[in-house]
Amino acid sequence: MEEVVIINNKKVVFNDSIENLKENSVYISGNKEDLNKLDIVKNKKPIKTFRNNETYAYYEKLSKEELNKIKELSLDIEAMSLQDMFISISKEE
């Protein structure tokens, strides 16, 4: 199993396996009002905003309840490329 370690500003900001990284790194996007109903994006800054739509980067395993809520709100979920994930995590820190 290969491990990924991301260091930014002399601090480890990510340390996990590539498999977990690919499995748990996603974009969640949709209507701003609907996204605000998701606890997992509260207090986070969107990576993209266009009119009333926003996109968030998310790096943790989604629970069944969270996936059901995303589906219920008709939000989009898309796998994130490794390159995008590295860039996004590095920008956050």
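Odds and ends about this structure:
- Matching residues in segment 50-80 - criterion: being open to solvent by less than 50 Å² (accessible area, probe 1.4 Å) and not in a helix (DSSP H, G or I): Glu54, Thr55, Tyr56, Ala57, Tyr58, Tyr59, Leu62, Ser63, Leu73, Leu75, Met80
- Matching residues, segment 5-14, being surrounded by fewer than 16 Cβ atoms within 10 Å (Cβ to Cβ) and either aliphatic (A, V, I, L, M) or without any contact (Cβ under 8 Å) to a residue 12 or more places away in the chain (or both): Val5, Ile7, Lys10, Val12, Val13
- Members of segment 63-93 found to be under 10 Å from the mean Cα position of the chain (by Cα) and modelled with pLDDT of 90 or more, listed by number: Ile77, Glu78, Ala79, Met80
- Hey, Phe86 under 24 Å from Ser17 (Cβ atoms) and open to solvent by 60 Å² or more (accessible area, probe 1.4 Å) or not: yes
- Only residues that are in a helix (DSSP H, G or I) and either touching a helix residue (DSSP H, G or I) at 6+ places or on another chain (Cβ under 7 Å) or crowded, with 16+ Cβ neighbours inside 10 Å (or both) were counted in segment 34-49, giving 4.
- Selection over segment 15-33 of residues that are assigned to a strand (DSSP E or B), in contact with a Ser or Thr (Cβ under 9 Å, 6 or more places away or on another chain) and either open to solvent by less than 30 Å² (accessible area, probe 1.4 Å) or over 18 Å from Ser81 (Cα atoms) (or both) gives a count of 4.
The values are calculated or read from the model by the stated rules, or taken from the named source; none is laboratory data. In this text the structure is predicted, and so the values were computed from the model without any measurement. Neighbour counts run over all protein chains shown; Cβ positions are idealised from the backbone, glycine included. With ligands, DNA and RNA removed, areas are computed over all heavy atoms of the protein, side chains included. Shrake-Rupley method; radii C 1.70, N 1.55, O 1.52, S 1.80 Å.
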